[in-house]
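Undergrad: First the structure, then my questions, so here it is.
The values are calculated or read from the model by the stated rules, or taken from the named source; none is laboratory data. No experiment lies behind these values; they were computed from the predicted model shown. Please note: Cβ atoms are built from the backbone with ideal geometry, for glycine as well, and neighbour counts cover all protein chains shown. The accessibility values were calculated without ligands, DNA or RNA, using every heavy atom of the protein model including side chains. Shrake-Rupley method; radii C 1.70, N 1.55, O 1.52, S 1.80 Å.
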Amino acid sequence: MANAILTIQEFFSDVVKKSMLYDFGVYVGLCPVFICVSSDDKTDAFRLFTILNNRGIPLANADILKAINIAEVGKTEDDSYAKVWERVESDHGEDFDRFLSIIRTMFVQEKARKNLVDEFEENIYQKSLLKKGKDTIDYIEKVNENYQKLINLSDKNLSNDYTNLITIMNTAIPSKDWVAPLLAFYSKFGDVDLLKFLKKLEFKFSSDWVLGYTPTKRIENMNAILKEIKKSKSASDVLSSQPLCDVKVNDLRDTLNCEVYGKSFAKYILLKYEYLLLTDTARISNYKSVSIEHVLPQNPKKDSKWLSDFDKDAKENWTHKLANLLLISGRKNPSLSNYDFQEKKSRYLTGKIDIFKSSNIFATHDKWDIETLEKRQKQMLDELAK
């Protein structure tokens with residue numbers, strides 16, 4: 001409303017348009033219809049709010065859920081609970097609906113089939129899994145505390161191993177379907193075997209992704225893990241459960257042994273390999289401006305030594321495989337380009353050394369040939385398929 005008033009004022013500040021002011025006043029006085037809808041009862045007011053929302057510009061699901069739950073809070077506490085909701089909402093910003101969807105999944109353990117409001121009404125509230133009002137808002141606040149600790153890494157006491165794995169998952173896995181099982185496991189078992197569970201969860205989820213399972217299948221597999229968490233009496237029961245351990249390792253190895261450059265998972269797999277090279281004394285700070293470098297270039301120069309070291313078949317076989325790829329900080333990649341290995345090595349070692357351990361190949365190798373690639377390919381596959 002304030003913006004509308006300022007816009008009108010600016011419009012009529014123009015000398016030419018001032019002559020239109022009288023006609024505008026007549027229009028405002030005669031044409032628009034303003035309707036005031038009020039209620040003496042808060043419950044009826046929130047019901048009206050929800051109904052009228054369907055007549056105008058739809059609100060976010062989170063706004064409607066907020067109205068539904070605040071309506072159930074006693075009058076003396078509604079302001080404090082509204083502030084709790086708003087604080088959690090501010091933590092997630094535009095992703096707040098997604099956060100509420102994670103909570104829905106923790107309860108329902110099935111793929112969503114309706115909008116978020118209907119999912120809460122029919123699959124949580126009507127089944128008495130959670131009460132509206134204080135119980136819902138308290139639960140959302142608690143899950144948010146766990147989310148900030150486990151996913152956004154607000155707890156600085158978490159191990160480097162845990163922190164590093166979550167960092168690469170947050171960085172390069174586009175889906176957050178793995179978050180609900182992690183939060184559910186922590187909610188039930190706390191810190192007991194948390195790192196072991198995370199490693200198995202990551203291996204299962206990333207393997208399903210690499211093997212090309214559909215999003216629906218990946219969600220079903222995560223929901224199966226949620227069901228195991230719900231029925232298990234101990235963390236060790238979950239760790240040994242079939243849904244968590246069912247990884248087609250041979251298929252995973254075969255897939256990663258093919259060309260991976262250009263695949264949606266390529267950067268993540270290289271980040272995962274970097275993670276596996278780290279000791280638990282090192283902590284990843286950030287992976288901004290990361291790009292994938294071909295050691296054997298995609299398009300070597302005509303007079304390049306690469307063409308004498310690799311015939312056409314060998315070049316086609318190795319260029320886009322894991323062994324020939326490594327992660328480079330953005331500031332390094334353009335400088336390496338299509339040069340021969342010795343020139344790349346010289347340029348790489350000039351200036352600040354990169355953050356990635358696998359880029360040590362420039363310090364430890366004097367040549368880059370088929371034998372080197374075969375050895376590195378086996379080493380990478382052995383680590384990634386464990």
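Undergrad: Sum up the charges of everything whose Cβ sits under 11 Å from the Cβ of K248, counting Lys and Arg as +1 and Asp and Glu as -1, but leave K248 out.
TA: Once all neighbours under 11 Å are counted, the net charge is -2.
Undergrad: Follow-up question, since we're still on this one. Hey, can you grab everything whose amide H is under 5 Å from the amide H of H365? Only 5+ residues off in sequence or another chain; H modelled, so Pro and N-termini drop out.
TA: The list, which skips near neighbours in sequence, is empty: none.
Undergrad: Whole-Hz Karplus ³J(HN,Hα) for the range 120-133, in order, using 6.51 cos²θ - 1.76 cosθ + 1.60 and θ = phi - 60°, x for Gly and Pro?
TA: 5, 4, 7, 9, 10, 6, 5, 8, 6, 7, 7, 8, 5, x
Undergrad: OK, next. In terms of modelled amide H atoms, which long-range or inter-chain residues lie less than 5 Å from the amide H of L326?
TA: E293, V295
Undergrad: Tell me the angle of helix 78-92 to the major Cα principal axis of the chain, expressed in degrees between 0 and 90 and rounded to the nearest ten.
TA: Value to nearest ten degrees: 30.
Undergrad: Hey, how many Å between the Cα centroid of the range 193-237 and the Cα centroid of the range 244-283?
TA: If you average the Cα positions of each part, the centres end up 16 Å apart.
Undergrad: Rounding to the nearest 20 debye, state how big the charge dipole of the chain is about its Cα centre with +1 on each Lys and Arg Cβ and -1 on each Asp and Glu Cβ.
TA: 840 debye
Undergrad: Excluding ligands, DNA and RNA, what is the solvent-accessible area per residue of the chain at a probe of 1.4 Å, expressed in Å²?
TA: 55 Å²
Undergrad: Show me the chymotrypsin sites (Phe, Trp or Tyr not before Pro) within the range 238-325 that DSSP assigns to loop and that have at most 16 other Cβ atoms within 10 Å of their Cβ.
TA: Y261
Undergrad: Still on this structure, I have one more. Once Rh is set to the Kirkwood radius over Cα pairs, what Stokes-Einstein translational diffusion coefficient, in µm²/s, holds for the chain at a temperature of 37 °C and a viscosity of 0.692 mPa s?
TA: For these conditions, the coefficient is 130 µm²/s.
Undergrad: Further question: Please list 3J(HN,Hα) in residue order for the range 194-199, calculated via the Karplus relation 6.51 cos²θ - 1.76 cosθ + 1.60 where θ = phi - 60°; whole Hz, with x for glycine and proline.
TA: Whole-Hz 3J(HN,Hα) from phi for the range 194-199: 4, 5, 4, 5, 4, 5.
Undergrad: Apply the Karplus parameterisation 6.51 cos²θ - 1.76 cosθ + 1.60, with θ equal to phi minus 60°, to every residue of the range 95-105 and state each ³J(HN,Hα) to the nearest whole Hz, in sequence, with x for glycine and proline.
TA: Each residue's phi maps through the Karplus curve to give 8, 5, 4, 5, 4, 5, 5, 4, 4, 4, 5 Hz.
Undergrad: Given the peptides 146-155, 205-214, arrange them by the average over their residues of other C-beta atoms within 10 Å, most packed first.
TA: 205-214, 146-155
Undergrad: Once the other residues with Cβ under 11 Å from the Cβ of E343 are scored (Lys, Arg +1; Asp, Glu -1), what is the net sum?
TA: Around E343, the surrounding residues sum to +4.
Undergrad: Which residues' amide hydrogens lie under 5 Å from the amide hydrogen of V290, considering only partners 5 or more residues apart or on another chain, with H built in the peptide plane?
TA: The answer is G330.
Undergrad: H320: net charge of surrounding residues, Cβ under 12 Å, Lys/Arg +1, Asp/Glu -1, itself excluded?
TA: Net charge in that neighbourhood comes out at +1.
Undergrad: Using only the Cα atoms of the range 70-146, each taken as one equal point scatterer with no solvent, compute I(q) by the Debye sum, divide by I(0), and report log10 of the ratio at q = 0.14, 0.24, 0.26 Å⁻¹.
TA: Once normalised to I(0) and log-transformed, intensities are -0.45, -1.25, -1.37.
Undergrad: Is there a quick way to get the dipole size of the range 162-297? I mean about its Cα centre, with the Cβ of Lys and Arg at +1 and of Asp and Glu at -1; what is the value in debye to the nearest 20?
TA: Here the range 162-297 has a charge dipole of around 340 debye.
Undergrad: Could you work out what % of the accessible surface of the range 184-240 is carbon and sulfur, using a 1.4 angstrom probe and leaving DNA, RNA and ligands out of the count?
TA: In the range 184-240, the share of accessible area belonging to carbon and sulfur is 53 percent.
Undergrad: Run the quick spin-label model on N170 and D280: label points 7 Å from Cα toward the beta carbon, then report their separation in nm to one decimal.
TA: 2.1 nm
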